[in-house]
């Protein structure tokens with residue numbers, strides 16, 4: 001599987017997850033490495049949809065709320081994991097530790113669902129994903 005992290009997460013975290021996931025044949029890429037750090041959400045969502053087979057991990061749940069982005073996001077039908085409130089304000093090491101802890105479950109869940117499923121990852125070490133779509 002191919003995973004894509006947006007600008008709300010560090011490119012360094014994406015690189016670390018890529019190395020860790022590579023052993024299982026998965027790849028993780030950051031928006032700044034695939035496109036540019038200034039790529040607009042509507043653009044990279046379209047580009048990923050055209051390529052197909054991507055799973056997004058995003059800290060920007062507003063993608064689902066802004067009318068133009070929402071329309072493009074829904075049409076793209078990309079499996080997405082949004083970070084719940086609390087993630088983005090966390091310090092780098094705490095955020096990294098939590099995402100690494102959740103990562104095997106993100107991979108597992110991505111393999112089980114139809115393309116276009118949307119989840120929220122809680123800001124804690126245990127629990128369940130909330131399915132948003």
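The values are calculated or read from the model by the stated rules, or taken from the named source; none is laboratory data. Every value quoted in this text rests on a predicted model; they were computed, and no experiment measured them. Every residue, glycine as well, gets a Cβ built from its backbone with ideal geometry; the counts of neighbours run over all protein chains shown.
Annotations
- Condition check for residue 98: in contact with a strand residue (DSSP E or B) (Cβ under 9 Å, 6 or more places away or on another chain), more than 18 Å from residue 43 (Cα to Cα) and in contact (Cβ under 8 Å) with a residue 60 or more places away in the chain: no
- Just one of (1) surrounded by fewer than 17 Cβ atoms within 10 Å (Cβ to Cβ); (2) in contact with a strand residue (DSSP E or B) (Cβ under 9 Å, 6 or more places away or on another chain); (3) at pLDDT 90 or above fails for residue 37. It is (3).
- Flag if residue 93 is in a helix (DSSP H, G or I) and either touching a strand residue (DSSP E or B) at 6+ places or on another chain (Cβ under 9 Å) or surrounded by 12 or more Cβ atoms within 10 Å (Cβ to Cβ) (or both): no
- Positions within the range 47-72 being under 20 Å from residue 9 (Cα atoms), modelled with pLDDT of 90 or more and not in a loop (DSSP other than H, G, I, E, B), in sequence order: 47, 48, 54, 55, 56, 57, 58
- When the range 1-34 is limited to residues that are in contact (Cβ under 8 Å) with a residue 60 or more places away in the chain and not in a helix (DSSP H, G or I), the one that is surrounded by the fewest Cβ atoms within 10 Å (Cβ to Cβ) turns out to be 24.
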